[in-house]
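Just below is one structure, and these are the notes that go with it.
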Amino acid sequence: QADSSETFRVRDGDADDYEWRDLVTFEYGENGNLVDFCNDGKSCWMTSSVGRETTALLKVDLKTGETLETMSSNDKADVEGIVLDDDTKELRCLVYNYARTERVFFDKELEEDYEVLKSLGPDNCEVSTVSKTDDEKTWVVAYSRSDGPTEFVIYNQVEKTTKPLFVSKPDLLDYKFSPMEDVIIKARDGLEMVAYLTRADTENKTPLVLLVHGGPWGRDRWGFNAQAQWFANRGYATLQVNYRGSTGYGKSFLHKGDGQWGVGDMQNDLTDAVKWAIEQGIADEDNICIYGGSYGGYACLAGLTFTPELYKCGVDIVGPSNIKTLLDSIPSYWGPIRNDLLKKIGDVDADEEFNRKISPLFHVDNIQSPLLIGQGANDPRVKQNEADQIAFAMNNKGIPVEYVLYPDEGHGFARPENRIDFNSRAEEFLAKHLGGRAEPFQEVKGATAQFPLLAVPTGPQPFKS
């Protein structure tokens, strides 16, 4: 809605003469959802953060919207998954994910099945159910690991046995991968952040890639991460941080990121995470790269402009460089989304000084380290101009920048040829500046890479801001 609140409406029958009526409204700052109706026809299952920090599962009266019963909550994490009986709609299990998947069972038989499945699976894996037969006697189960492909098995619920079904990427079984560690990092104000570390070497410090997730209203998770494994193979530790503003950790954690882009606490969290890795003897302080897409790309630009002494280089994929021009490019039918962005980022419409403060474009002179930019010409979220304007600004000032534009891509790279092409360029860039390994670059047939900066000489050139 225009005020960034969210209202759930219900009606008491299917016929047109039943009017829709408001059941529950979640004001800006609260989180919640209607999960399903209960079988009694008088109540429903809802998640809600009202009156608490994280979302809980509630049974709610469909007439009044009042809470009849609070089923479960977790002080550190929101409800992430809910398992109901398909027929009775009775609650069977709740799933939380602080650092790893946690389950709270309300069905003893289901709990026993998961204990059996855990005992039958590989060490240090996570168990999930993909599907079941109607009688629930036969299940398809996935075993997910951080250091190998996902394995799928058939579970005989009666006999409590499994048999292999298939492996998601069997070719990966021939290789050794680095396990991902979940760690807790304290920010400078004491806030605890969940982060994930994938090491290239567990005995010695190495160059580090700080891999920043996009959104920023999303999160990183434990599991097999292709980018982290790629970096580890090339000799770099990878650190992924759920900085404030990330989702899944409650409303306060989420909204601690409001107004904190660029020079605020969201970026400070990334800085503090890098310093933690240095202090722990994990990262070589002279060889650190900040790498990310979308918001992660913005964080890369912010890192190079606001903490230039920290990073040896940066890789920005579809990251905005000027928050005002980013929001001005949003189509009119995204109006409510734009209002929500202004609440979370800050009112760059009304406060030009604030926009200049947090937008890396206006601080290009601070950049000391080389930057690689990847952009899709058809990106509907972060328009090409966001990459153009900072690339040309750096080029005009003689600051090292490489800019790769793909005319047939959008918000990220979907075509395999272009993904391989950009990754090949990125690993050459990282090897040049961090000293890791790289395969010799080979032209990728079908890739559409263009290089806008090669069309102009280094030195003063006009650019659109």
Which ones in the stretch 96-113 are open to solvent by less than 20 Å² (accessible area, probe 1.4 Å) and either part of a strand (DSSP E or B) or closer than 17 Å to V35 by Cα (or both)? Y96, N97
For the stretch 179-195 the number of residues that are closer than 16 Å to D272 by Cβ, in a strand (DSSP E or B) and not basic (K, R) is 7
Is it the case, given these coordinates, that S146 is assigned to a helix (DSSP H, G or I) and farther than 29 Å from S43 by Cα? no
For the stretch 144-169, which positions are touching a residue at least 24 places away in the same chain (Cβ under 8 Å) and of a type in the set (D, E)? D147, E151
Would you check if K89 is of a type in the set (D, E, K, R) and open to solvent by less than 60 Å² (accessible area, probe 1.4 Å)? yes
I'd like to check which helices (runs of 4 or more DSSP H) are fully inside the stretch 318-402 and have at least 3 residues that are small (G, A, S) and open to solvent by less than 30 Å² (accessible area, probe 1.4 Å). 384-396
Collect the residues in the stretch 166-199 that are crowded, with 19+ Cβ neighbours inside 10 Å and of a type in the set (G, A, S), keeping them in residue-number order. S178, A187, A195
Does the stretch 158-172 include one or more residues that are in contact with a helix residue (DSSP H, G or I) (Cβ under 6 Å, 6 or more places away or on another chain), more than 25 Å from A99 (Cβ to Cβ) and in a loop (DSSP other than H, G, I, E, B)? yes
State whether the residues of the stretch 212-228 include one that is farther than 27 Å from C125 by Cα and surrounded by 24 or more Cβ atoms within 10 Å (Cβ to Cβ). yes
Starting from residues that are under 27 Å from V382 (Cβ atoms) and aromatic (F, W, Y), keep the ones in the stretch 167-222 and report whichever is nearest to the chain's Cα centre (by Cα). W217
Over the stretch 436-446, the set of residues open to solvent by less than 40 Å² (accessible area, probe 1.4 Å) and either within 30 Å of D284 (Cα to Cα) or in contact (Cβ under 8 Å) with a residue 40 or more places away in the chain (or both) is G436
Give the number of residues within the stretch 342-375 that are of a type in the set (G, A, S) and more than 16 Å from D328 (Cβ to Cβ). 2
What residue, of E417, E409, E386, E428, is on the phi < 0 side of the Ramachandran plot and free of Cβ contacts under 8 Å to residues at least 24 places away in the same chain? E428
Yes or no: the stretch 72-86 includes at least one residue that is out of contact with any Pro (no Cβ under 8 Å at 6 or more places or on another chain), open to solvent by 50 Å² or more (accessible area, probe 1.4 Å), within 28 Å of S131 (Cβ to Cβ) and at pLDDT below 95. yes
So is D22 touching a residue at least 12 places away in the same chain (Cβ under 8 Å), over 29 Å from V104 (Cα atoms) and either outside any loop (DSSP other than H, G, I, E, B) or over 36 Å from the mean Cα position of the chain (by Cα) (or both) or not? yes
Being out of contact with any strand residue (DSSP E or B) (no Cβ under 9 Å at 6 or more places or on another chain) and either in a helix (DSSP H, G or I) or crowded, with 16+ Cβ neighbours inside 10 Å (or both) is the filter here; which residues of the stretch 114-131 pass it? E115, S119
Which count do you get for residues in the stretch 154-183 that are under 30 Å from F231 (Cα atoms), in contact with a Phe, Trp or Tyr (Cβ under 8 Å, 6 or more places away or on another chain) and not charged (D, E, K, R)? 6
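For (1) of a type in the set (S, T, Y); (2) assigned to a helix (DSSP H, G or I); (3) within 27 Å of P308 (Cβ to Cβ), each residue gets a yes or a no:
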residue: R219; (1), (2), (3): no, no, no
residue: W230; (1), (2), (3): no, yes, yes
residue: G235; (1), (2), (3): no, no, yes
residue: Y243; (1), (2), (3): yes, no, yes
residue: Y249; (1), (2), (3): yes, no, no
residue: F253; (1), (2), (3): no, yes, no
residue: D258; (1), (2), (3): no, no, yes
residue: L270; (1), (2), (3): no, yes, yes
residue: K275; (1), (2), (3): no, yes, yes
So is G250 surrounded by fewer than 24 Cβ atoms within 10 Å (Cβ to Cβ), at pLDDT 95 or above, at positive phi and more than 18 Å from the chain's Cα centre (by Cα) or not? no
Residues of the stretch 1-35 satisfying the condition of being touching a Lys or Arg at 6+ places or on another chain (Cβ under 8 Å) and either open to solvent by less than 30 Å² (accessible area, probe 1.4 Å) or on the phi > 0 side of the Ramachandran plot (or both): S4, V10, L23, G29
Mind listing whichever residues of the stretch 403-433 are among the hydrophobic types (A, V, I, L, M, F, W, C), part of a helix (DSSP H, G or I) and under 22 Å from A299 (Cβ atoms)? F422, A426, F429, L430
Within the stretch 294-317, can you find the residues that are open to solvent by 10 Å² or more (accessible area, probe 1.4 Å) and assigned to a helix (DSSP H, G or I)? F306
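The values are calculated or read from the model by the stated rules, or taken from the named source; none is laboratory data. Worth saying up front: this structure is predicted, and the values here are computed from it rather than measured. Neighbour counts are summed over all protein chains in view; Cβ atoms, including those assigned to glycine, are modelled from backbone coordinates with ideal geometry. Heavy atoms of the whole protein, side chains included, go into the accessibility calculation; ligands, DNA and RNA do not. Shrake-Rupley method; radii C 1.70, N 1.55, O 1.52, S 1.80 Å.
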